[in-house]
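Accompanying notes for the structure given below.
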Amino acid sequence: MAEWEAVVGLEVHAHLKTRTKMFCRCPLEYGAAENTRTCPVCLAHPGALPVPNARAIEMTILLGLALDCEIAERAVFARKNYFYPDLPKGYQISQYESPLCGRGRFLLPAVDGEREIGIVRAHLEEDAAKTVHAGGATGRSVGAAYSLVDFNRGGTPLVEIVTGPDLRSAEEAMWFLRLLRQTIVELGISDAEMEKGTLRADVNVSVRRRGEGVLRPRWEIKNLNSFTFVGRAIEAAFRQQVAAHEAGEEVVQSTYDYDPDTDRLTVHRSKEEADDYRYFPEPDLVPLEPPAEVIDRLRGELPERPGERIRRLTGGVGFETAVELVTSGRDGLHDRLVAAGVESRTAANVVMNEVAAAGVDPAAVDAAELAKVVAARERLPRDVWLQAVARSAAPGFRAAPYLEQEAVADEAALEPVVEAVLAAHPEQVATYRGGKEGVLGFFVGQVMRETQGKADPRVVNRLLRDRLRA
Ligand SMILES: [Zn+2]
């Protein structure tokens with residue numbers, strides 16, 4: 001197995017978060033009652049004509065810019081012809097030879113630098129309606145008693161992102177998919193939730209011996225709806241293909257289904273019966289020619305991408321912490337704390353530990369005020385420090401009341417308290433001097449009680465040890 005490597009490419013579909021559908025004014029509403037968001041256009045009544053959704057086009061261009069794609073000067077919608085009950089027109093409006101976004105790249109941060117994953121294209125199309133298989137025991141088309149179609153989803157704007165065969169393992173493919181998903185979500189163009197079907201992935205997998213330049217026949221695994229299944233399907237394809245190559249069997253290019261129950265792939269259809277969609281330019285729509293000023297405006301809206309932020313933070317806090325900060329969506333607070341004067345590593349620790357544990361919304365934290373508490377936290381009793389963190393996202397949060405509770409580290413102030421505690425417990429003093437040093441904790445507790453928890457425990461420890469040694 002070790003001399004083989006996986007060659008993986010992904011086709012990722014994401015529903016765009018527009019108010020209305022791609023070619024009509026039906027509202028997009030996840031979970032609405034079946035067949036209540038339809039009209040003559042998305043039900044393909046004769047004579048109904050599509051009108052493209054301008055916002056969906058802008059969102060696709062924004063995505064293309066985030067993926068460093070070439071934005072087409074002229075993109076053409078095309079008809080992809082096939083028959084299926086959830087496709088009332090008998091064709092899907094997609095893009096074929098002239099997609100809106102051409103060749104691009106995605107820089108995937110890695111421990112040892114970064115990997116460039118090629119983007120072949122990103123195009124805009126409409127989703128099909130949803131077929132619901134009912135009756136029967138399996139809940140799948142095979143064995144169902146009957147099928148129903150919900151046309152609410154039909155006509156939802158969908159982007160398809162196609163990568164090159166540049167991913168080298170299941171783990172890398174999952175990491176890419178997670179970071180691509182975060183990029184899409186942060187652009188505000190899709191919720192991209194696999195469990196709701198607003199993000200779906202097909203994977204193409206082949207294998208080759210390490211160092212081998214050729215591409216062997218690949219398997220396409222369709223409609224994977226969780227990150228785990230993407231990873232497991234790639235691993236299953238890898239295992240089955242390596243076994244076949246090593247046994248001298250022919251691996252045929254085919255479409256496969258992944259069965260999570262058996263963790264195996266079964267042939268869906270082979271290449272000989274592959275569909276021919278008879279693409280041709282959509283005669284009801286004019287080509288898209290995005291104006292340069294629109295592209296410039298969208299370029300100006302482009303936020304710093306998650307991959308770029310991981311690269312920027314890696315220098316200060318290391319790769320793993322940078323990944324943790326960015327993928328948890330907490331790096332923004334880290335950056336604001338740093339801007340308020342906190343050292344990067346300290347800011348990362350506070351954000352990933354105390355702030356995360358307190359469950360406060362990082363975006364709502366007043367970083368300038370919290371930074372003042374962070375600077376004093378070594379001198380604050382621990383519970384005061386934690387209370388400050390827990391309140392740091394509340395309206396009107398101020399550092400001052402917490403800073404006033406600074407621990408008493410002044411030896412002159414603590415010495416009399418320490419003396420009094422030792423004088424009051426002669427038996428425990430004898431025990432300690434007899435060799436049971438664990439009693440020290442008892443004395444620390446007594447001093448903390450006498451000072452209402454304000455004593456600096458490090459100073460108390462030192463004073464106690466000095467006195468007990470005497
Ligand atoms: Zn409609």
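The values are calculated or read from the model by the stated rules, or taken from the named source; none is laboratory data. All of these numbers come straight from a predicted model, not from anything done at the bench. Counting neighbours? That spans all protein chains shown, and the Cβs are built from the backbone with ideal geometry, glycine included. Accessible surface is based on the protein model in full, side chains and every heavy atom, while ligands, DNA and RNA are left aside. Shrake-Rupley method; radii C 1.70, N 1.55, O 1.52, S 1.80 Å.
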Inset, instruction - Order these peptides, 12-24, 178-190, by their mean beta-carbon neighbour count within 10 angstrom, highest first. - result: 12-24, 178-190
Inset, instruction - For Phe77, list long-range residues whose amide hydrogen, built 1.01 Å from N in the peptide plane, is under 5 Å from its own amide hydrogen. - result: Glu282, Leu288
Legend entry - Interchain or long-range residues, amide H under 5 Å from Trp4's placed H: Arg210
Legend entry - 5 angstrom amide H check on Ala455, placed H, neighbours 5+ away: Val408
Inset, instruction - Please sort 241-250, 105-114 by packing, taking for each peptide the average over its residues of neighbouring beta carbons within 10 angstrom, highest first. - result: 105-114, 241-250
Inset, instruction - Return the sequence-ordered ³J(HN,Hα) values of segment 347-361 in whole Hz as given by the Karplus equation 6.51 cos²θ - 1.76 cosθ + 1.60 applied to θ = phi - 60°, using x for Gly and Pro. - result: 4, 4, 4, 4, 5, 7, 9, 4, 5, 5, 5, 6, x, 7, 6
Inset, instruction - Kindly report the accessible area of the chain per residue (heavy atoms of protein chains, probe 1.4 Å, no ligands, DNA or RNA), in Å². - result: 50 Å²
Inset, instruction - Keeping the other protein chains in place, figure out the carbon and sulfur percent of the accessible area of the chain, with a 1.4 Å probe. - result: 50 percent
Inset, instruction - Determine by what factor the alpha-carbon radius of gyration of segment 213-266 differs from 2.2 N^0.38 Å, reporting the quotient. - result: 1.14
Legend entry - the chain pair-distance distribution - Cα-Cα, 20 Å bins, rounded %: 19, 40, 24, 14, 3, 0
Legend entry - Ellipsoid semi-axes in whole angstrom, largest first, where each is sqrt(5λ) of the Cα gyration tensor of segment 90-198: 32, 19, 13
Legend entry - Rotationally averaged projected area of segment 326-417 (alpha carbon convex hull; nm²): 6.2 nm²
Inset, instruction - Could you work out the per residue convex hull volume over the alpha carbons of segment 6-120, in cubic angstrom? - result: 165 Å³
Legend entry - Total lysine pairs whose alpha carbons fall under 19 Å of each other in the chain (8 or more apart, or interchain): 16
Inset, instruction - Please express the Cα-Cα pair-distance distribution P(r) of segment 355-469 as a list of whole percents, one per 5 Å bin, running from 0 to the bin with the greatest distance. - result: 2, 11, 21, 17, 13, 11, 9, 8, 6, 3, 1
Legend entry - Compactness of segment 402-464 - radius of gyration and Dmax, Cα, Å: 11.9, 41
Legend entry - Kyte-Doolittle mean at least 0.0, axial Cα span of 20 Å or more - DSSP H helices of the chain: 170-186, 227-246
Legend entry - Helical contribution to [θ] at 222 nm, DSSP H n ≥ 4, -39,500 (n - 2.57), averaged over the chain, rounded to 500: -11000 deg cm²/dmol
Legend entry - Radius of gyration and maximum dimension Dmax of segment 73-136, Cα, Å: 17.7, 52
Inset, instruction - List, in order, the whole-Hz ³J(HN,Hα) value for each residue of segment 247-261 obtained from phi through the Karplus relation with A = 6.51, B = -1.76, C = 1.60 and θ = phi - 60°; use x for Gly and Pro. - result: 7, x, 7, 7, 9, 9, 5, 8, 9, 10, 10, 9, 9, x, 5
Legend entry - Inter-part distance where segment 184-213 and segment 412-441 are each reduced to a Cα centre, Å: 64 Å
